[in-house]
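Notes follow the structure.
What follows is calculated from the coordinates using simple rules that are stated; it is not laboratory data. Just so it is clear, the model here is predicted, and its values are computed rather than measured. Because the Cβ atoms are built from the backbone with ideal geometry, glycine has one as well, and the counts that use them run over all protein chains shown.
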Amino acid sequence: MRFYQACLGGDLVLVRLGDTPMKDGFPAEKHDRITYAHLKSNLIEFSATDWLHPTQEPKQGNTTALYITGSTPVELRAVFDRLSNGANTEFFVELKQMPFGLYGHFTDRYGVGWFFRGA
């Protein structure tokens, strides 16, 4: 993300696992993982993560995810429901309020990871 910031400019926010309430559920060696990164400039807004479920091993295809950020819960819910039709249920996280805002996650029927975030 620092590379993208150097290329695109803007303000970068990195949230590490160790800075979240989830840290107590994971070993200390995983606390440096980025659970959420957000880059915003006048030209772009970009979010990313390197988070994998603790039982998953990194392999090509599962180390990338797409973020959808919505301004209203109704807006996010409609997109979440459409995209999650046929989603893998193993790591499904229903759209709900979390300590950092509205959040949901799933892997769609094509193997693409989707993260949803709202205010």
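Computed values, structure above
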read-out: Net charge contributed by nearby residues that have their C-beta within less than 10 Å of TYR103 (K/R +1, D/E -1); value: +1
read-out: All aspartates and glutamates inside 17 Å of LYS40 as judged from Cα atoms, apart from same-chain residues fewer than 8 positions distant; value: ASP11
read-out: PHE91-ASP11 pseudo-label distance in nm [points 7 Å out on the Cα-to-Cβ vector]; value: 3.0 nm
read-out: Percent of Cα pairs exceeding the 19 Å cut-off, where the set is region 1-51; value: 32 percent
read-out: Environment charge of VAL79, counting only residues whose C-beta is closer than 13 Å and scoring Lys/Arg +1, Asp/Glu -1; value: 0
